[in-house]
Amino acid sequence: MVKTNSKPAAALATTMLIAALSAVFLVAGCATKERVVVKEKTVVVEQPTVRVVPAALREERGAAPGPGWGWVAGHWKWEGNDWVWVRGKWVHQVVSPMPPVIVEQVVVAPSPRHHWVPGHWVWNTDRNEWFWVKGHWHG
């Protein structure tokens with residue numbers, strides 16, 4: 001039968017108990033009875049005023065004036081302080097359909113009095129093609 005010396009085990013247990021109690025008292029000494037108020041920054045999520053592009057107007061285009069003519073669909077264009085309808089027209093060339101709207105990121109408004117004008121396609125008569133006008137703040 002092997003005898004174990006229980007004195008080192010008892011000494012180790014006592015040392016561990018003293019260390020644990022010391023840690024508890026040290027942590028308790030760090031506690032404060034003062035109320036601590038944590039102030040967080042208020043985050044304001046801005047809901048910008050958007051001047052939405054109106055729905056397209058219905059237009060009767062009739063028959064093409066002749067072979068080789070293409071229809072430029074009517075569309076809304078931002079002019080000055082409002083949307084203006086640009087009537088559809090026949091042009092003597094092949095016309096591609098208006099491309100899909102480009103989704104743009106709306107940045108923070110320069111001031112509360114500004115409103116967002118979304119990007120939109122307009123027909124460029126000089127180049128005979130659709131041109132994207134980027135969204136912008138207006139105010």
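Mind checking whether some residue in the range 109-130 is of a type in the set (A, V, I, L, M, F, W, C), part of a loop (DSSP other than H, G, I, E, B), in contact (Cβ under 8 Å) with a residue 24 or more places away in the chain and exposed (fewer than 13 other Cβ atoms within 10 Å of the Cβ)? No: zero hits. Restricting attention to the range 58-78, the residues that are over 26 Å from the mean Cα position of the chain (by Cα) and either exposed (fewer than 12 other Cβ atoms within 10 Å of the Cβ) or not in a loop (DSSP other than H, G, I, E, B) (or both) total 12.
Does Val24 meet the test of being at pLDDT 90 or above and of a type in the set (Val, Ile, Thr)? Criteria not met by Val24.
Are any of the residues in the range 99-108 surrounded by 15 or more Cβ atoms within 10 Å (Cβ to Cβ) and either under 33 Å from the mean Cα position of the chain (by Cα) or under 22 Å from His136 (Cα atoms) (or both)? Checking the range 99-108: not a single residue is surrounded by 15 or more Cβ atoms within 10 Å (Cβ to Cβ) and either under 33 Å from the mean Cα position of the chain (by Cα) or under 22 Å from His136 (Cα atoms) (or both).
The values are calculated or read from the model by the stated rules, or taken from the named source; none is laboratory data. Since we're looking at a predicted model, the values are computed, not measured. Counting neighbours? That spans all protein chains shown, and the Cβs are built from the backbone with ideal geometry, glycine included.
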